[in-house]
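Q: Got a structure for you, written out below as structure tokens; questions coming shortly.
The values are calculated or read from the model by the stated rules, or taken from the named source; none is laboratory data. Since the structure is predicted, the reported quantities are computational estimates derived from the model, not experimental observations. Here Cβ is always computed from backbone atoms with ideal geometry, including for glycine, and neighbour counts include all displayed protein chains. These area figures cover heavy atoms from the full protein model, side chains too; ligands, DNA and RNA do not enter into them. Shrake-Rupley method; radii C 1.70, N 1.55, O 1.52, S 1.80 Å.
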Amino acid sequence: MQPSPSPSQIHVALVEDDVHFQNAIVAAIAASPDIRLMSLASTRAQGLQSLQSAPADVLLVDLGLPDGSGIDVIRAAHAQWPTCAIMVCTAFGDEAHVLQSIEAGASGYLLKDSEPENMLHEIRSLHGGGSPISPLIARQILMRFRAAPSVAPAATPAAAPIQAASEQAALSSREKEVLELITKGFTADEIARLMQVSQHTVQTYVRRIYSKLNVNSRAEAIYEARNQGILAA
């Protein structure tokens, strides 16, 4: 009988059909005491079925599955597991797949050119509130934004910058405290010490903040909180 998962571990769900890559990730996780594999799926159907179990902390998803797109799994996981951080691990590096994955709810996007040990580092980063992105993908996104035409300030409605208080995301006092410390540049470990809670608890607060603000990164959370008037501009 398998021992119960420790609450201090990062609980991972994997949806991956490449047996070689799958075995490498499973072996790396098995050798890491702070990460535990909670479920393993090789198809889109199995991935969707795995979402009926208890939510994982991190979901790793391949896009090219034998019976459909991993983006369907990302979209369903974002709805059913709102506190789970989702990362794409794929061979697809084109703009369409990247943008569709991010829009579906992915917070990280890695190409399959990393060693399994490096993947563990990215899992920890994602769980800690980061957004791991392969350099090639990050460059592609930057180039897209640089190429986008700028919008004149006059075209922005005057009421757009700050929403009414009734439209603000309903953050708890502890979530606001975490958000303020994030804004000041503190890491999850430093916030845990300042608030006298576990790092796992802080990471849970961070994922809830992301979910309530409908964002995928710290920078987006700070921007959106200021935009809504939750934080001072």
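Q: For segment 102-118, give me each residue that is within 17 Å of Asp18 (Cβ to Cβ) and assigned to a helix (DSSP H, G or I).
A: Filtering segment 102-118 down to residues within 17 Å of Asp18 (Cβ to Cβ) leaves 109-116, 118.
Those that are within 17 Å of Asp18 (Cβ to Cβ) and assigned to a helix (DSSP H, G or I): Pro116, Asn118.
Q: Looking at this structure, is Ala45 closer than 23 Å to Ser217 by Cβ and at pLDDT 90 or above? Walk me through it before giving the result.
A: Values: closer than 23 Å to Ser217 by Cβ: no; at pLDDT 90 or above: yes.
Judged against the criteria, Ala45 is not a match.
Q: Then there is this: So, in segment 210-233, exactly how many residues are under 15 Å from the mean Cα position of the chain (by Cα), in a helix (DSSP H, G or I) and closer than 21 Å to Tyr109 by Cβ? Even if it seems obvious, please write down each step before you answer.
A: To start, the set of residues in segment 210-233 that are under 15 Å from the mean Cα position of the chain (by Cα) comprises 210-221.
Applying the additional criterion that residues be in a helix (DSSP H, G or I) yields 210-213, 218-221.
Still in the list and also closer than 21 Å to Tyr109 by Cβ: 210-211, 213, 218-221.
Of the residues in segment 210-233, 7 are under 15 Å from the mean Cα position of the chain (by Cα), in a helix (DSSP H, G or I) and closer than 21 Å to Tyr109 by Cβ.
Q: Using the structure shown, decide if Ala104 is without any contact (Cβ under 8 Å) to a residue 24 or more places away in the chain, aliphatic (A, V, I, L, M) and surrounded by fewer than 23 Cβ atoms within 10 Å (Cβ to Cβ).
A: Numbers: without any contact (Cβ under 8 Å) to a residue 24 or more places away in the chain: no; aliphatic (A, V, I, L, M): yes; surrounded by fewer than 23 Cβ atoms within 10 Å (Cβ to Cβ): yes.
In short, no.
Q: Another question, then. Scan segment 72-96 for residues that are in a helix (DSSP H, G or I) and either farther than 23 Å from His20 by Cα or open to solvent by 50 Å² or more (accessible area, probe 1.4 Å) (or both) and report the count. Steps first, answer last, please.
A: First, pick out the residues of segment 72-96 that are in a helix (DSSP H, G or I): 72-80, 95-96.
Cutting the leftovers down to either farther than 23 Å from His20 by Cα or open to solvent by 50 Å² or more (accessible area, probe 1.4 Å) (or both) gives us 72, 75-80, 95-96.
Residues flagged as in a helix (DSSP H, G or I) and either farther than 23 Å from His20 by Cα or open to solvent by 50 Å² or more (accessible area, probe 1.4 Å) (or both) within segment 72-96 amount to 9.
Q: Considering only residues that are open to solvent by 50 Å² or more (accessible area, probe 1.4 Å) and in contact (Cβ under 8 Å) with a residue 40 or more places away in the chain, look in segment 107-125 and name the one that is nearest to the chain's Cα centre (by Cα). Break it down into steps so the answer makes sense when it comes.
A: First, pick out the residues of segment 107-125 that are open to solvent by 50 Å² or more (accessible area, probe 1.4 Å): 112-113, 115, 117-118, 121, 124.
After this cut, where a residue has to be in contact (Cβ under 8 Å) with a residue 40 or more places away in the chain as well, the list is 112, 117, 124.
On the way: Lys112: 18, Glu117: 19, Arg124: 11 Å.
Checking each candidate, the answer is Arg124.
Q: Residue pairs, Cβ under 6 Å, 6 or more apart or interchain, first in segment 168-186 and of a type outside the set (Asp, Glu), second assigned to a loop (DSSP other than H, G, I, E, B). List them.
A: Sorted first by the residue in segment 168-186, then by its partner, the pairs are Gln168/Gln228; Gln168/Ile230.
Q: For segment 46-58, name all the residues that are open to solvent by less than 10 Å² (accessible area, probe 1.4 Å) and assigned to a helix (DSSP H, G or I).
A: Gly47
Q: Please work out if Val61 is open to solvent by less than 10 Å² (accessible area, probe 1.4 Å) and over 29 Å from Leu181 (Cα atoms). Walk me through how you get there before you give the answer.
A: On the way: open to solvent by less than 10 Å² (accessible area, probe 1.4 Å): yes; over 29 Å from Leu181 (Cα atoms): yes.
Yes; evaluated as a whole, the condition is true for this residue.
Q: Any residue that is free of Cβ contacts under 8 Å to residues at least 40 places away in the same chain and either closer than 17 Å to Glu122 by Cα or in a loop (DSSP other than H, G, I, E, B) (or both) - is there at least one of those in segment 20-28? Steps first, please.
A: Here is the first cut: in segment 20-28, the ones free of Cβ contacts under 8 Å to residues at least 40 places away in the same chain are 20, 22-23, 26.
From what's left, either closer than 17 Å to Glu122 by Cα or in a loop (DSSP other than H, G, I, E, B) (or both): 22, 26.
Yes: segment 20-28 contains one or more residues that are free of Cβ contacts under 8 Å to residues at least 40 places away in the same chain and either closer than 17 Å to Glu122 by Cα or in a loop (DSSP other than H, G, I, E, B) (or both).
Q: Taking the criterion of being under 27 Å from Arg139 (Cβ atoms), under 14 Å from the mean Cα position of the chain (by Cα) and not aromatic (Phe, Trp, Tyr), would at least one residue in segment 37-59 satisfy it?
A: Pass one, segment 37-59, residues under 27 Å from Arg139 (Cβ atoms): 58-59.
Applying the additional criterion that residues be under 14 Å from the mean Cα position of the chain (by Cα) yields 58-59.
Filter once more, so that each one left must be not aromatic (Phe, Trp, Tyr): 58-59.
The answer is yes, given that some residue of segment 37-59 is under 27 Å from Arg139 (Cβ atoms), under 14 Å from the mean Cα position of the chain (by Cα) and not aromatic (Phe, Trp, Tyr).
Q: Mind checking whether some residue in segment 189-209 is among the hydrophobic types (A, V, I, L, M, F, W, C), modelled with pLDDT of 85 or more and either within 17 Å of Pro82 (Cβ to Cβ) or in a helix (DSSP H, G or I) (or both)?
A: Yes, because at least one residue in segment 189-209 is among the hydrophobic types (A, V, I, L, M, F, W, C), modelled with pLDDT of 85 or more and either within 17 Å of Pro82 (Cβ to Cβ) or in a helix (DSSP H, G or I) (or both).
Q: A further question on this structure: More than 19 Å from Tyr210 (Cβ to Cβ), among the polar types (S, T, N, Q) and in contact (Cβ under 8 Å) with a residue 60 or more places away in the chain: does that describe Ser32?
A: Values: more than 19 Å from Tyr210 (Cβ to Cβ): yes; among the polar types (S, T, N, Q): yes; in contact (Cβ under 8 Å) with a residue 60 or more places away in the chain: yes.
Yes; evaluated as a whole, the condition is true for this residue.
Q: Given the conditions (1) farther than 19 Å from Gly130 by Cα; (2) open to solvent by 60 Å² or more (accessible area, probe 1.4 Å), report the number of the one that Ser8 does not fulfil.
A: (1)
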